[in-house]
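Trainee: The structure is given below, and queries will be raised subsequently.
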Amino acid sequence: MIIAIDGPAGSGKSSTAKAVAAKLGFRHLDSGAFYRTLTLAALQRAIPADSWDELDGPALANFKIDAQPSESGFKFSIGDDDVTNEIRSPEVNAHVSQMAAVRAVREWLLERLRSVAKSTNLVADGRDIGTVVFPQADLKIFLVAQSEIRARRRLSEQGNQTPSKIDIQNEVDRLGRRDRMDSQRAVAPLKQADDAVVIDTTDLSFDEQVEEIVRLARVRMANADA
């Protein structure tokens with residue numbers, strides 16, 4: 001079974017998908033981590049961001065990125081270096097949307113993302129996971145939340161537990177720019193799949209949104225077995 005969770009930055013995709021996978025005993029696939037790893041590799045090689053559109057398959061293969069199954073998800077490496085934590089840095093955050101908008105990057109990763117889903121139950125999250133990567137997913141979820149809530153969540157992820165009003169507004173503005181970039185890009189734009197279940201997490205606790213998706217998944221599984 002494949003559960004695909006889409007939504008904009010800060011809507012809670014990754015953390016929710018990870019928790020849903022743990023509840024169901026599925027593997028968690030964070031598609032954004034693949035893009036983050038490529039972004040980090042490009043930054044480490046000092047490749048100017050304004051030239052990333054020129055990257056092609058051989059150049060991406062030369063980055064030597066790899067994803068290996070871990071206990072419940074995947075660990076990421078560049079060459080021999082484990083970068084699973086490093087790919088969450090502010091610098092990578094600032095550039096990952098630009099990398100994800102490169103057509104060659106999305107085409108190069110598409111089959112790699114699909115290949116890790118073979119012969120396993122999976123909860124996958126990303127901005128085109130239910131529309132492009134897994135259009136035949138058994139359950140598609142599209143998470144949304146008010147912009148201020150998304151900003152607070154993202155700042156919390158970065159370690160800022162008591163953000164100022166200025167911090168929050170700056171993050172709201174940054175997320176707004178990223179939303180526009182993600183939704184307006186020519187390749188695999190952010191959009192809701194026609195058959196996705198929309199869940200607004202603004203007023204939901206984390207446990208509530210996880211339990212709702214788990215409930216929906218169990219209903220789908222029961223119907224499939226009937």
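Trainee: Which ³J(HN,Hα) values in Hz, rounded to whole numbers, follow from the phi angles of segment 120-126 under the Karplus curve 6.51 cos²θ - 1.76 cosθ + 1.60, where θ = phi - 60° and Gly and Pro get x?
Mentor: Result, ordered by residue: 8, 7, 9, 10, 10, 10, x Hz.
Trainee: May I pose another question? So how compact is segment 152-208: Cα radius of gyration and Dmax in angstrom?
Mentor: For segment 152-208, the Cα radius of gyration and maximum Cα-Cα distance read 14.3, 38 Å.
Trainee: For V116, enumerate residues with amide H under 5 Å from its amide H, sequence gap 5+ or separate chain, H modeled in the peptide plane.
Mentor: Under 5 Å from the amide H of V116: no residue qualifies.
Trainee: In addition: Could you point to the residue in Q184, S156, Q98 farthest towards the positive end of the chain's charge dipole, with +1 and -1 charges on the Cβ of Lys/Arg and Asp/Glu respectively?
Mentor: Q184
Trainee: Right, here's the next one. By how many nm would the segment from A22 to S72 grow when fully extended, if each residue of separation counts as 0.36 nm and the alpha-carbon distance is taken off?
Mentor: 17.3 nm
Trainee: Let me ask something additional. Could you please state, rounded to a whole Å, how far the C-alpha centre of segment 183-207 is from the C-alpha centre of segment 63-140?
Mentor: 18 Å
Trainee: Moving on to the next point. Between R103 and I47, with labels modelled 7 Å along Cα→Cβ, what's the label distance in nm to one decimal, could you check?
Mentor: About 1.7 nm, to one decimal.
Trainee: Which value in nm describes the separation of the simple spin-label points at D195 and D167, placed 7 Å from the Cα toward the beta carbon?
Mentor: For the pair D195/D167, the computed spacing is 4.3 nm.
Trainee: Right, next: Just need log10 I(q)/I(0) for segment 27-105 at q = 0.17, 0.20, 0.22 Å⁻¹, Debye formula, equal scatterers on the alpha-carbon atoms, no solvent, rounded to two decimals.
Mentor: -0.61, -0.85, -1.02
Trainee: Could you run the Karplus curve 6.51 cos²θ - 1.76 cosθ + 1.60 with θ = phi - 60° over segment 8-23 and give me ³J(HN,Hα) per residue in whole Hz, x for Gly and Pro?
Mentor: So the Karplus estimates, Gly and Pro as x, are x, 4, x, 7, x, 4, 5, 5, 5, 4, 4, 5, 4, 4, 5, 5 Hz.
Trainee: How large is the convex hull of the C-alpha atoms of segment 47-185 per residue, in Å³?
Mentor: Each residue corresponds to 143 Å³ of Cα convex hull volume.
Trainee: Just the number, please: Stokes-Einstein D of segment 90-164 in µm²/s, Kirkwood Rh from C-alpha pairs, 20 °C, 1.002 mPa s.
Mentor: 144 µm²/s
Trainee: Can you tell me the length gained on complete extension of the stretch V219 to K118, counting 0.36 nm per residue apart and subtracting the Cα distance?
Mentor: 34.1 nm
Trainee: Another one. What number, rounded to the nearest 500 deg cm²/dmol, is the helix-based mean residue ellipticity at 222 nm of the chain, given -39500 (n - 2.57) per DSSP H run of at least four residues and division by all its residues?
Mentor: About -15000 deg cm²/dmol.
Since every read-out is calculated from the coordinates, none of them should be taken as a lab result. Predicted model only: the values in this text are computed from it and were never measured. Here the Cβ is made from the backbone with ideal geometry for all residues, glycine too, and neighbour counts use every protein chain on show.
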